[in-house]
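Heads up, the thing below is written out as structure tokens.
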Amino acid sequence: TMYIIEGTKKALLIDTGTRCDSLDKIVRKITSKPLEVVVTHGHFDHTGNIGYFSSVFMHKGDLAMVQGQGYKGKINFVNEGYVFDLGDRKIEVCYTPAHTPGSIILLDRANGDCYSGDAFGSNQVWLQLQPLSPITDYIKACKRMLTLIDNGIPRIYCGHYVYLKKPIGKEYMTKMLTLAEELKNGTAKDIKPFRSDAPLAGYHGPLIASKEDIAIVYDPEILK
């Protein structure tokens, strides 16, 4: 899922999808404002169309993924606290590694919105992909998001919105945190082998832990 935020001076495209012919022209049908492009992380389903744009913003932790896709444009690095100033709207970067080493979320504090990419998943978060992060990184990210929710950002627009068709909220994040802590403590109950034909699904015996309507796919190594 791609999002466009338009301010009085600039517009921001969040993620570029997988396959979308002439994405630059499609964006121009929506906004004529000067455009900046940011990717929430380096996986191809979020960066597949960056080639239509001469520059992109991202966290350096996922640089190797983007370089591996042959991108020839300018890469601008963002980190914790970077702000995209669109005029009347300001979009702030928060660094939340776990899904990937360079995962970021984007905060529109004035409007109470967060754009999360895959940092917290879309009913299911993947933590089984190389390079792996410890489960403690994901727990830290979930706790931080819950604090942000309590401080005025109740809506989270995820990276695969079609699966949910509504923003994520506090209930979702609370369940994700609980399941992640159960995995860490060895008390998670519903665990099975994970099977998927997705290109990025992982090939080292990943498992899936479920709790009600959410799940964490993980490599057992992240629990060590």
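The values are calculated or read from the model by the stated rules, or taken from the named source; none is laboratory data. Here the structure is a predicted model, which means the values were calculated and not measured. Using ideal geometry, Cβ is built from the backbone for each residue, glycine included, and neighbour counts are taken over all protein chains shown. Just the protein is used for accessible areas: all its heavy atoms, side chains included, with ligands, DNA and RNA removed. Shrake-Rupley method; radii C 1.70, N 1.55, O 1.52, S 1.80 Å.
Rounded to the nearest 0.05, the FRET efficiency derived from the C-beta distance between residue 175 and residue 64 at R0 = 35 Å is 0.60. Charging the Cβ of each Asp and Glu at -1 and of each Lys and Arg at +1, and nothing else, the dipole of the stretch 106-183 about its Cα centre rounds to 160 debye.
Excluding ligands, DNA and RNA, what is the solvent-accessible area per residue of the chain at a probe of 1.4 Å, expressed in Å²?
Heavy-atom accessible area per residue stands at 48 Å².
Neighbours of residue 104 by Cβ distance under 13 Å: Lys/Arg scored +1, Asp/Glu scored -1, total -3.
Between the residues 220, 82, 7, the greatest Cα displacement towards the positive end of the dipole of the chain, with unit charges on the Cβ of Lys, Arg, Asp and Glu, is found for 7. Counting protein heavy atoms only, the chain has 52 percent of its accessible area on carbon and sulfur, 1.4 angstrom probe. Rounded to the nearest 20, the Cβ-based charge dipole of the stretch 162-224 about its Cα centre (Lys and Arg +1, Asp and Glu -1) stands at 140 debye.
Within the stretch 48-108, report the trypsin sites (Lys or Arg not before Pro) that DSSP leaves as loop and that have at most 16 other Cβ atoms within 10 Å.
Values: sites: 60, 72, 74, 89, 90; in loops: 72, 89.
Passing both the DSSP loop test and the Cβ count: 72.
Each Lys and Arg adds +1 at its Cβ and each Asp and Glu adds -1 at its Cβ; summed about the Cα centre, the chain shows a dipole of about 320 debye.
Placing one equal scatterer on every Cα of the chain and applying the Debye formula, the log10 ratio I(q)/I(0) at q = 0.08, 0.13, 0.16 Å⁻¹ is -0.27, -0.73, -1.10. What aspartates and glutamates could a cross-link reach from residue 192, if we take a straight Cα to Cα line under 19 Å and drop same-chain neighbours fewer than 8 places away? Of all the aspartates and glutamates, those that pass the test against residue 192 - Cα under 19 Å, at least 8 places apart if same chain - are 181, 182, 212, 213, 219, 221. On the principal axes of its alpha-carbon atoms, the stretch 32-114 has extents of 36, 33, 19 Å, going from largest to smallest.
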